[in-house]
1. Hey, can you tell me all the residues within segment 29-42 that are under 16 Å from ASP103 (Cα atoms) and outside any loop (DSSP other than H, G, I, E, B)?
2. Taking VAL452 as the residue in question, decide whether it is within 17 Å of ILE489 (Cβ to Cβ), in contact with a Leu (Cβ under 9 Å, 6 or more places away or on another chain), buried (at least 17 other Cβ atoms within 10 Å of the Cβ) and not assigned by TED's automatic domain parsing to the domain that holds ALA284.
3. Got a sec? Which of VAL388, VAL418, VAL431, VAL443 is under 19 Å from LYS465 (Cβ atoms) and of a type in the set (Val, Ile, Thr)?
4. Only residues in segment 352-365 that are not assigned by TED's automatic domain parsing to the domain that holds TYR462 and among the hydrophobic types (A, V, I, L, M, F, W, C) count as the first member; pair them with residues that are assigned to a loop (DSSP other than H, G, I, E, B) and at pLDDT 95 or above, Cβ under 7 angstrom, at least 6 apart or cross-chain, and list the lot.
5. Checking the structure you have, find out if any residue of segment 198-208 is in contact with a Leu (Cβ under 9 Å, 6 or more places away or on another chain), β-branched (Val, Ile, Thr) and in a strand (DSSP E or B).
6. Within segment 227-247, identify whether any single residue is in contact (Cβ under 8 Å) with a residue 60 or more places away in the chain and of a type in the set (S, T, N, Q), and answer yes or no.
7. Inside segment 337-371, can you point out the residues that are within 18 Å of the chain's Cα centre (by Cα), buried (at least 20 other Cβ atoms within 10 Å of the Cβ), part of a helix (DSSP H, G or I) and not aliphatic (A, V, I, L, M)?
8. Of all helices (runs of 4 or more DSSP H) completely enclosed by segment 117-195, which ones contain at least 1 residues that are surrounded by fewer than 17 Cβ atoms within 10 Å (Cβ to Cβ), among the small types (Gly, Ala, Ser) and modelled with pLDDT of 95 or more?
Amino acid sequence: MRNKVIHAVMMAMLLGLSAGAELKLSAVFSDHMVLQAGAPVPVWGKSDPGTEVTVEFAGQRKSATVDVDGSWRVDLDPMPVSSIPRGLTASSDANDPAIHYSDLLVGEVWLCTGQSNMGVAVRKCINTAQDIAAADYPLIRFCNVVPDTAEEPKAELIRKPGWEVCTPDTAANFSAVGFYFGLHLYQELGVPVGLIQNCYGGATVVSYMDDETLEKTPARDVIQREDARYRAIQAERDRIFAESGVKKPGIMQRVSAHCYNAMIAPIISLRIRGVVWYQGETEALSGQQTVDAYRGWFEDYLSMMRRKFEDPNLPVYIVQLAGYGANDDRNLWAQFRQIQQDFLELPYTGIGTAYDVGEEKDLHPLNKKPVGTRLALSALNQTYGKEVVFRGPEVVSAVQKGSKVSVAFTNCPGGLVVKPAGAGNFTAVFVDGEVQDFPAETVSEGTMQFEVGDKKVERVRYAFKNTPEWALYNKTGLPALPFDLEVKIK
């Protein structure tokens with residue numbers, strides 16, 4: 001009896017606290033939105049507990065009773081692709097004003113997330129003026145989430161981002177990688193494409209993970225050490241601001257869970273087709289321990305995203321980091337790229353490499369069009385089943401016979417292309433530990449060869465440097481992925 005009384009009191013308190021709550025939809029909903037085709041589409045928000053909310057869209061009418069915490073959700077039935085602009089209405093039996101959004105389409109929705117290189121706008125990049133001028137694509141829509149951090153998971157985004165139709169003005173200010181990814185999908189599929197820019201400069205992979213995942217992820221000591229370091233930096237910046245009024249950029253986007261809490265948690269009910277991920281510079285710059293730990297962290301991030309977005313097959317396409325920094329003995333960026341490349345062994349993942357479009361002294365290279373296009377080619381093949389070439393030459397063997405080492409490639413019909421012309425050094429690692437570069441030449445459609453004298457080679461490397469000096473392409477213009485391969489002796 002006592003428990004029933006306590007329950008009744010708590011219910012009354014919750015109802016009292018929520019009384020008069022105006023009907024609201026999640027901030028991610030707005031005019032011009034794209035809803036995901038072919039899957040149940042959740043629509044959710046807040047209202048008075050106990051009231052009934054009804055959502056109408058495309059001939060469907062779904063209702064739900066608002067929970068005691070004021071939240072509600074309905075799931076629209078899966079819908080086919082539609083380029084016909086339609087309205088979505090939410091109404092309540094509490095006589096709140098109905099909410100109506102217009103010009104919604106049904107198509108393919110992609111989350112473009114990560115750190116600052118994902119956020120570099122089209123207008124800042126090279127060779128984009130013509131694309132901006134031509135960017136009148138009514139079926140491409142943009143949603144730009146405001147960067148934010150939080151100590152605890154938020155129910156709502158810090159500010160309503162709104163969806164915008166792709167025009168020269170809106171395209172110019174959207175993520176370049178996201179824009180070129182979405183543009184290529186649209187041009188090949190001919191369906192509405194919705195792109196959500198959800199990134200924060202300097203963010204770490206662990207900042208995009210929830211607390212539950214972080215409790216089980218490896219290298220917890222490294223995370224705790226880095227969190228403490230970043231919190232100390234932020235505290236010092238806050239002190240300087242309080243004393244002098246000089247405000248430096250925040251750094252909490254590097255602390256574990258903070259980007260997830262503020263930018264991902266509020267939209268996890270959204271249905272999306274997949275994720276485009278451009279992140280890792282912070283870890284690559286932080287040293288060997290964070291580079292080594294990244295493999296386990298990202299695998300846990302991937303599992304979390306598939307669980308949170310209720311799609312065990314959620315595709316995630318990864319940007320392999322661009323060239324950056326002087327080459328040295330450690331080549332941490334090369335190590336990091338190899339870790340990213342190993343993620344191809346995980347299901348429903350793909351890579352768009354950027355090592356050949358990097359800039360040694362600029363962490364934010366401005367040639368983003370090839371990156372977005374390469375990601376789109378992977379998605380077209382792996383997610384949409386299109387017969388397109390989506391990878392460059394792939395190494396199959398390295399063999400030493402006498403003084404010559406031959407490196408064979410597949411996926412290069414018509415031959416190999418070296419850029420810049422005349423370049424082409426492979427790195428040989430000899431059995432005695434010596435490391436040396438050797439110029440190579442093409443000897444057949446898919447084979448390159450170099451001379452090493454009478455020394456035995458243990459491994460051969462290609463583009464395994466912070467900033468590779470050259471790249472090897474197939475005739476479609478796609479580069480070979482870097483490699484560090486054991487050499488067979490004949």
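The values are calculated or read from the model by the stated rules, or taken from the named source; none is laboratory data. Because the structure is a prediction, the values reported are computed rather than measured. Neighbour counts are summed over all protein chains in view; Cβ atoms, including those assigned to glycine, are modelled from backbone coordinates with ideal geometry.
1. The answer is VAL34, LEU35, GLN36.
2. no
3. Result of the check over VAL388, VAL418, VAL431, VAL443: VAL418.
4. ALA354/LEU321; ALA354/ALA322; VAL357/ALA322; VAL357/PRO365; VAL357/ASN367; LEU363/TYR324
5. No: segment 198-208 contains no residue that is in contact with a Leu (Cβ under 9 Å, 6 or more places away or on another chain), β-branched (Val, Ile, Thr) and in a strand (DSSP E or B).
6. no
7. Answer for segment 337-371, where residues must be within 18 Å of the chain's Cα centre (by Cα), buried (at least 20 other Cβ atoms within 10 Å of the Cβ), part of a helix (DSSP H, G or I) and not aliphatic (A, V, I, L, M): ARG337, GLN340, TYR355, LYS369.
8. In segment 117-195, 129-133 are the helices (runs of 4 or more DSSP H) which contain 1 or more residues that are surrounded by fewer than 17 Cβ atoms within 10 Å (Cβ to Cβ), among the small types (Gly, Ala, Ser) and modelled with pLDDT of 95 or more.
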